[in-house]
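The values are calculated or read from the model by the stated rules, or taken from the named source; none is laboratory data. Treat the numbers as computed from the prediction; the structure is a model and nothing was measured. Cβ: placed from backbone, ideal geometry, glycine included. Neighbour counts: every protein chain shown.
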Amino acid sequence: MPETAFSLRAEMLLNVGCAYLESGRIAQAHSTLTEALRLSRTGQQKRAEIFASYFLGKVSLAQGRLQQAFMQYQEGLHSHSDVPIAGVLHVGIAEIDYERNDLESAKRHLQDALHAGEQGGEIKPLVYANIALGSLLTPQEAVQRLEYATSLTSWTLLYAWQALWWLRAGHTSMASYWLEDTRAHEAQLSEFERLVQARILLVLERCEDAALVLDSLQANALESQRHGDVIRILLLQAQRKKTQGKWDEALQCVAQAVERGEREGYIRTFLDEGEPIYQLCRHLANQHPENRYLQQIVQQFMKIVLQPVLLPFGETLSQREVEVLQLLAEGASNQEIAGKLFLTTGTVKWHVHNIFGKLDAKNRTQAVNKARGSGLLGKVQREVKRM
């Protein structure tokens, strides 16, 4: 078979495999992408091989096999670390690191992905990395990242991500507009888009509508053995049942999610659901003190419940301001702070302005000196270590 034929067939299979993946048809996605990987290797098509490896990792993630996905990404990077498009594999590893709550490693891999995309002029590593960065930023900052991503591509799934972060930023009306827009093409929605629909419906307390979406998603995920997706759906079901006053049923959903998540060590999937799931996990942990994994989840929940740093003047510093103040004390410039925290320089200037106001300082030196003089900086450093 001519080299061009290998390339064309591999690309075609990649597109088909991705369509299967988005629709939740995991078995078909796996077989199609595996064949795409074989053809791309036979035809020495590096780009197609990298994407086949990336999406096969996504298949493993949907199945709840974190370690298998990690090994697929690592293998791809080992073979093609010099190719800019391999930045997508860094994104894949970052997502697994994030799930395991290794946030520093996740940040490093996302920096590598951004660097690869920028240096090589590759859009997909930039888009995927900016989506993944949302989980490491505030909801408002995540929205800014997604606005940048939408300027790079017309990928419709980005609008679902925007709706998700609007929701988490408290812009329920914006998320609701997206929800209403999806009504016109319900049959064409991906599994992820339907999951975002369910989240919005829960916030709107339209529990019966959310139940219709979640029950359908759960049945499909169970049938196709997408265990990773089942965990997320169960946690949303738990929140729905808790809202409806069905406490025992909510606990059962969380218990099932814990049972499914233990083997691969899921952490952030639980933590990111916030206070409702924390309450349920804590209740279960009290009932089952022998369950080490459940105890670990509760301990991690407690670590991320970061209290704002109280200033002597009655003001408080937000979590982001705590991080910025620490970097100011280290002498970092606005641009350096932006790079370390994945922010724009404009956002950094806004945080610095707020810090100056709360500390009644006119410049950086004065702000740092006041923080040190009041004993605040030592407290800030302790809070940063906890994060």
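Filter the stretch 160-188 for residues that are basic (Lys, Arg), within 19 Å of residue 131 (Cβ to Cβ) and free of Cβ contacts under 8 Å to residues at least 24 places away in the same chain and give the result.
Selection gives nothing.
So, in the stretch 123-149, of the ones that are among the β-branched types (Val, Ile, Thr) and within 20 Å of residue 199 (Cβ to Cβ), which residue ends up surrounded by the fewest Cβ atoms within 10 Å (Cβ to Cβ)?
Among them, the one singled out is 138.
For the stretch 322-374, what are the residues that are more than 15 Å from residue 136 (Cα to Cα), of a type in the set (D, E, K, R) and in contact (Cβ under 8 Å) with a residue 12 or more places away in the chain?
349, 358, 360, 364, 372
Quick one: would you say residue 176 is within 18 Å of residue 196 (Cα to Cα) and not charged (D, E, K, R)?
yes
Of the residues in the stretch 161-213, how many are acidic (Asp, Glu), under 27 Å from residue 26 (Cβ atoms) and in contact with a Ser or Thr (Cβ under 9 Å, 6 or more places away or on another chain)?
Total meeting the criteria: 2.
Among the residues of the stretch 189-198, are any at pLDDT below 95 and over 20 Å from residue 131 (Cβ atoms)?
no
Would it be correct to say that residue 357 is part of a loop (DSSP other than H, G, I, E, B) and at pLDDT 85 or above?
For residue 357, the condition - part of a loop (DSSP other than H, G, I, E, B) and at pLDDT 85 or above - is not met.
Which of the following residues is assigned to a loop (DSSP other than H, G, I, E, B) and more than 27 Å from residue 259 (Cβ to Cβ): 180, 205? Break it down into steps so the answer makes sense when it comes.
Values: 180 fails: assigned to a loop (DSSP other than H, G, I, E, B).
Answer to the check: 205.
Just need a number here: residues in the stretch 239-281 that are small (Gly, Ala, Ser), surrounded by 15 or more Cβ atoms within 10 Å (Cβ to Cβ) and over 20 Å from the mean Cα position of the chain (by Cα).
Residues meeting the conditions: 2.
If you scan the stretch 329-372, which residues turn out to be among the hydroxyl-bearing types (Ser, Thr, Tyr) and surrounded by 20 or more Cβ atoms within 10 Å (Cβ to Cβ)?
The one that is among the hydroxyl-bearing types (Ser, Thr, Tyr) and surrounded by 20 or more Cβ atoms within 10 Å (Cβ to Cβ): 347.
Just to verify a result, which residue in the stretch 199-214, among those that are at pLDDT 95 or above, more than 22 Å from the chain's Cα centre (by Cα) and charged (D, E, K, R), is surrounded by the fewest Cβ atoms within 10 Å (Cβ to Cβ)?
Ranking the qualifying residues of the stretch 199-214, first place goes to 208.
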